[in-house]
1. Would a scan of the range 45-63 turn up a residue that is among the β-branched types (Val, Ile, Thr) and free of Cβ contacts under 8 Å to residues at least 60 places away in the same chain?
2. Does Ala29 count as open to solvent by less than 50 Å² (accessible area, probe 1.4 Å) and part of a helix (DSSP H, G or I)?
3. Step by step: first the residues of the range 155-181, then only those that are open to solvent by less than 80 Å² (accessible area, probe 1.4 Å) and among the hydroxyl-bearing types (Ser, Thr, Tyr), then the one that is farthest from Ile223 (Cα to Cα). Which residue is that?
4. Return the only residue of Leu42, Leu147, Leu152 being within 13 Å of the chain's Cα centre (by Cα) and open to solvent by 20 Å² or more (accessible area, probe 1.4 Å).
5. For Ile261, are the conditions met, namely being open to solvent by less than 60 Å² (accessible area, probe 1.4 Å), touching a Pro at 6+ places or on another chain (Cβ under 8 Å) and either within 16 Å of ligand 1 (Cβ to nearest atom) or farther than 30 Å from Gln125 by Cβ (or both)?
6. Among the residues of the range 182-209 satisfying the criterion of being at pLDDT 95 or above and charged (D, E, K, R), which is surrounded by the fewest Cβ atoms within 10 Å (Cβ to Cβ)?
7. Residue check: is Gly245 touching a helix residue (DSSP H, G or I) at 6+ places or on another chain (Cβ under 6 Å), under 17 Å from Gly53 (Cβ atoms) and open to solvent by less than 60 Å² (accessible area, probe 1.4 Å)?
Amino acid sequence: RAKQEQKGDWLFLDADEQRQSVERQQLLADIRTGLADNQFRLVYQPKVSMRSGNVIGVEALIRWEHPIKGTLSPIDFLPALEHHPLIIDIGEWVIEQAFRQMTTWDSEGLTLDVGVNIAAMHLQQPGFTDSLAGILARYPHVVPQRLDLEILETAALGELDKANYIIRDCESLGVTFSLDDFGTGYSSLSYLKQLPVKTLKIDQGFVRGALSNADDIAILKGIVGLSKAFDRKLVAEGVDTREHGELLISLGCYDAQGYAIARPMKPEKIAAWKNQWRPYPEWSAGEYATP
Ligand code: C2E
Ligand code: MG
Ligand code: MG
Ligand code: MG
């Protein structure tokens, strides 16, 4: 930072920061408009059991059909919302939309559990459980057990005993929880110990690395061991290829999500995907040498 202490650089940074702040305000205004104008939609990515091929559920992932910029991914707009109350509006919209979608699928004879990503700030919002209960009450034909809330291990979760309390409160409604991107948080083991989540979702980074990196394999083995010791379910993310899947199966992780299985898709595509989906023969054979 020494260089930045020169006066000219501070001035430059100031202007830059000012521009960023203007851009951020514009983005926030656009998101508000987008919510009001129905510019957001959810795509869904299947989670499967790799050996049986059973579909465990789907994860809802938000997209923004921006009138000018086209389809935007969460990385394009969620970071700006991390500490902004609008993330709560988005989160409530996503949960409501997920229940609507489950209702539509149900009417087509397609029963699917749905995972929804929830920002730490939203979870900590006073009245989160009540608001969730309100949504659940509007969809009495969808059992709350079908909703899984995915939370990131982030410092933003704040005091773990508080997060623990909120999670238990929601679980008493029937809703379940997953720890997303497991292993990347600054204190993963504390989260595992203190938060009563049902499922650990292994971060894509470890899965991606494991085909070429012995350290990633060691970490995956450790996570499989932890999931057993703590009696948590395990889902691997980022299963890009059948080789990733084979490796995970050989390590004792059987449930997965990733491009080798399905990309996130529009809800009306799920039924056709499910009808033609078969696990790779190498997966269902179920016996592999441990690397
Ligand atoms: P995530 O919850 O860990 O979701 C998985 C991300 O990995 C998704 O990206 C998905 O499209 C991508 N992915 C899945 N399989 C593969 C694969 O095999 N290879 C590769 N390279 N990528 C794969 P997406 O949809 O861009 O979402 C990114 C992140 O944004 C999510 O990570 C989640 O943390 C956040 N997010 C998405 N939707 C929402 C939402 O509605 N609310 C909140 N608060 N966060 C959301
Ligand atoms: Mg997720
Ligand atoms: Mg559940
Ligand atoms: Mg993840």
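1. Yes, some residue in the range 45-63 is among the β-branched types (Val, Ile, Thr) and free of Cβ contacts under 8 Å to residues at least 60 places away in the same chain.
2. yes
3. Within the range 155-181, the match that is farthest from Ile223 (Cα to Cα) is Thr176.
4. Leu152
5. yes
6. Lys198
7. yes
Here is a yes/no grid of residues against (1) of a type in the set (Val, Ile, Thr); (2) within 20 Å of Tyr254 (Cα to Cα); (3) within 16 Å of ligand 3 (Cβ to nearest atom):
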{"residue": "Ser178", "(1), (2), (3)": "no, yes, yes"}
{"residue": "Leu195", "(1), (2), (3)": "no, no, yes"}
{"residue": "Lys201", "(1), (2), (3)": "no, yes, yes"}
{"residue": "Gly238", "(1), (2), (3)": "no, yes, no"}
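The values are calculated or read from the model by the stated rules, or taken from the named source; none is laboratory data. Remember, it's a predicted structure, so these values are computed and weren't measured experimentally. For neighbour counting, all protein chains shown are included, and Cβ atoms are generated from backbone atoms with ideal geometry for every residue, glycine included. Remember, those area values only see protein heavy atoms, side chains included, never the ligands or the DNA or RNA. Shrake-Rupley method; radii C 1.70, N 1.55, O 1.52, S 1.80 Å.
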